[in-house]
Structures are given as C-alpha cells and as structure tokens.
Amino acid sequence: MQNIDRLFVLTAILFILIGMMIGLYMGGSQDHRFIPVHAHLNLLGFTLMMLFGICYRVWPKMQEGSMALIHYFLHTVGTIVSMTAVYMIQLDAAANGPTYGPIADGASALTVAGVLLFAYLFFSRAKS
C-alpha cells in the first residue's frame, strides 16, 4: 500500500502524545500505577511505529501489496487493545487482572504477529 510509511509515522506521533500525557499525569499526581502503559505506548506505539515507517520509506518494495497494511493493523490494534487492558489491570489488579489479563496477552500476540510479518517483508523485499 502506498503511503503506509506516512500512516505509521502519523500513528507514532499520536501514540507518543498519549504516552507523554500519561507521563505528565503520573508526574503531577504522583500516581505511578500506569508506568507500564506509559512505557509501552512510547516503545511499541512511538519507537517501533516510527522505525517501521522509516523502513517502509527507505525500502518502498516492502509497501507493495496488502501485507504492509495488515502489518499496520496488527500492530496498531494490538497496541491499543493491550495497553487498554493493562490500564484496566493497573486500576485494580485484583479485580480486573483475571478479566483483562487474557485480553492483554491476546492483543500482545497481535503485535508479535505484526513484527513477524514486518520481518518477513524486510527479509524478502528490502534488497539494497
């Protein structure tokens, strides 16, 4: 898909803004329960998505076909759902952990699948 590189970068910017807002909240309130959400949004949401976007820009053959878009949705949905579930767990681990733990695990598997698809696209299409 053309311009998937731009879509990854735009989404990365949204994730870093959300991650930073959580960080500002934690700093101001001294409520640090959401450190896992803050850190993972910054890492999975910003850092990885920005790197994916750069790679798709540098190696445009990786964008051909629909697999790049599938990668985008796997990673984005996995990140959003897993971080929402972790947020809910952090609110009250004893009450919410049994419900949201499996959701976080399943959504994390989506992000892993996305990274595996990215690896396939890179190794099969990113030729110098």
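Could you tell me the calculated FRET efficiency between residue 33 and residue 73, based on Cβ-Cβ distance and R0 = 22 angstrom, to the nearest 0.05? Computed FRET efficiency for residue 33 and residue 73 comes out at 0.15.
Its residue count N fixes a reference of 2.2 N^0.38 Å for the chain, and the Cα radius of gyration divided by that reference is 1.14. Membrane-span-like helices in the chain (whole DSSP H runs, Cα extent of at least 27 Å along the helix axis, mean Kyte-Doolittle hydropathy of at least -0.5): 4-29, 67-91, 93-125.
Secondary-structure-derived ellipticity at 222 nm for the chain, considering helices only, amounts to -27000 deg cm²/dmol, per-run term -39500 (n - 2.57) for DSSP H runs with n ≥ 4. Distance between the modelled labels on residue 20 and residue 2, one decimal in nanometres: 3.2 nm (7 Å Cα→Cβ projection).
Put simply, when 76-88, 49-61, 18-30 are sorted by average Cβ atoms within 10 angstrom per residue, most first, you get 76-88, 49-61, 18-30. Simple point charges give the picture: +1 on the Cβ of Lys and Arg, -1 on the Cβ of Asp and Glu, and for region 4-125 a dipole about the Cα centre of about 360 debye.
The numbers here are math on the coordinates, done by the rules we state, and not lab data. Since the structure is predicted, the reported quantities are computational estimates derived from the model, not experimental observations. Neighbour counts are summed over all protein chains in view; Cβ atoms, including those assigned to glycine, are modelled from backbone coordinates with ideal geometry.
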